[in-house]
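Everything below concerns the one structure shown next.
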Amino acid sequence: ATTVLDGGTARAVAAGSGLDGVGVGDGGDGPRTSATMEGVGGSRFGRYQTLSLLGSGGMADVYLARATGEAGFARRIALKVLQPHMARRPEAVAYFLNEARLAAQLTHPCVVQVHDLGRAGDDYYIAMEYVDGADLDHLLRAVRARGAQVPAAIALAILRRVCDGLHAAHVARG
């Protein structure tokens, strides 16, 4: 998960679903990257059009995308797309679908909202709330580049919100 800072809050954003190391492994195609995925910045998955790659994990890629609809409706979302080599593995697809079903049940200020789960051809995707802001990795790199440290009060506030989101997910899972 990636942590995104949003107006002083931190939200856990799924950038890979953590299936690595759970017996699924790599199927050979490898993850998509902006250099290898044809049409990034324009690929369509149902009513979603990718704009840019936000990150890749062992199981899925996350894109900034635009949801489109009637009468010129448009909204920016985060689109998590199961990588093709994982989509050929029934256990990975089941895990991905279960993740979406569980995440859709969560309503918490420190957890992004799931808007949609779908399939376009052989591609499975989860449409999620897009939180515009700096991710935690970016913050840490910027602070280190200046030879500084994140002040303890800020680090604890971020950690508390991450833990709040994880706790909400744990409680919802049962």
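Long-range amide H contacts for Ala60: which residues qualify at under 5 Å (H placed 1.01 Å from N, peptide plane, sequence gap of 5 or more or a different chain)?
Distant-sequence amide H within range of Ala60: Ser17, Gln83.
Nothing charged except the Cβ atoms of Lys and Arg (+1) and of Asp and Glu (-1): what's the magnitude of the dipole of region 45-174 about its Cα centre? Round to the nearest 20 debye. Walk me through the intermediate numbers first.
On the way: 15 positive and 12 negative charges, 49 e Å.
My answer is approximately 240 debye.
Amide H to amide H under 5 Å from Asp116: which residues, 5+ apart in sequence or cross-chain, H placed 1.01 Å off N in plane?
Correct list: Ala127.
Solvent-accessible area of His170, probe 1.4 Å, all protein chains present, reported in Å² to the nearest ten, please.
The accessible area comes out at roughly 130 Å².
So, with +1 on the Cβ of K and R and -1 on the Cβ of D and E, and no other charges, what is the size of the charge dipole of region 42-87 about its Cα centre, to the nearest 20 debye? List each step's numbers first, then the result.
Numbers: 6 positive and 2 negative charges, 24 e Å.
That gives region 42-87 a dipole magnitude of about 120 debye.
Let me check the size of region 35-106 from its C-alpha atoms; what are the radius of gyration and Dmax in Å?
13.2, 39
The values are calculated or read from the model by the stated rules, or taken from the named source; none is laboratory data. All values derive from a computational prediction rather than experimental measurement. Note: ideal-geometry Cβ built from the backbone for every residue, glycine included; neighbour counts use all protein chains shown. Protein only, heavy atoms only, side chains kept; ligands, DNA and RNA dropped before computing areas. Shrake-Rupley method; radii C 1.70, N 1.55, O 1.52, S 1.80 Å.
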